[in-house]
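Take a look at the structure below.
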Amino acid sequence: MKLFFLIFTLKKVPQLSWSSFTPINLKPKKITLAYLILGLILFGLGETILITSSIGVSPWTVLAQGISVKTGYSIGLTTFIVSISVLFLWIPLKQKPGIGTILNTIIISIIIDVSLPYLPSPESLMLQILQVVIGVLIVGLGSGFYLIANLGPGPRDGLMTGLQNSTELPIALIRTFIEISAVISGWYLGGIVGIGTIAFAFGIGPSVSAGLFIVSRFFK
């Protein structure tokens, strides 16, 4: 019970010995860069596990999936296109990308395309649900490494904070609007919205919190 309380009452991203002192850091420590890349690889792998479950994906992957259906491009490539498009929205919001932001757009897209052919695509609903749970947990662990590295927000996170700074609306409202917009657009284009999408929406918060806790405890 105490461990559960510690995990789910985290209020800020932990700062470790290898965390960057600032998000805009052009010369991070090698270990910081290594953990950042590990986190992004895990994040991309978790997203791919959700895709191969075939019962719904994360909101932004719904959009990438929909664009993939319409264009015939791979999901990895459309994920990259979506990320770059979001970065262009940063310009009027005066947001500044870090090394982590750039690597986020590249590594996650590559991992999705590279791992997609090798991951299982179960037909049993129970196995599909299990795969969704595993995918969400891996995304959460990857987020723990990525966030603690502190080398710049991902494209979607930067868009969220930029809009919040410009509008002064609550972060929860901004993030909800962004995620719903991505889901609706992706679903309209042919992306899969299902149990996995709902599980991600409700599970990603606790999963990221658990990821932050695990990384801060075992990767000091």
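Filter region 176-198 down to residues that are modelled with pLDDT of 90 or more and within 14 Å of the chain's Cα centre (by Cα), then give me how many there are.
Looking only at that region, the number is 2.
In region 4-23, which residues are at pLDDT below 90 and loosely packed, with under 14 Cβ neighbours inside 10 Å?
Phe4, Phe5, Leu6, Phe8, Thr9, Lys11, Lys12
Any idea which residue in region 24-38 is modelled with the highest pLDDT, counting only those that are among the charged types (D, E, K, R) and either in a loop (DSSP other than H, G, I, E, B) or touching a Cys at 6+ places or on another chain (Cβ under 9 Å) (or both)?
Lys29
Does region 76-88 contain at least one residue that is touching a Phe, Trp or Tyr at 6+ places or on another chain (Cβ under 9 Å) and more than 15 Å from Trp60 (Cα to Cα)?
No; the residues of region 76-88 include none that is touching a Phe, Trp or Tyr at 6+ places or on another chain (Cβ under 9 Å) and more than 15 Å from Trp60 (Cα to Cα).
Can you go through Ala201, Ala182 and tell me which one is surrounded by 20 or more Cβ atoms within 10 Å (Cβ to Cβ) and small (Gly, Ala, Ser)?
So the residue among Ala201, Ala182 that is surrounded by 20 or more Cβ atoms within 10 Å (Cβ to Cβ) and small (Gly, Ala, Ser) is Ala182.
The values are calculated or read from the model by the stated rules, or taken from the named source; none is laboratory data. Here the structure is a predicted model, which is why all the values come from computation and not from measurement. All Cβ positions, even for glycine, are placed from backbone atoms using ideal geometry, and neighbour counts span all protein chains on display.
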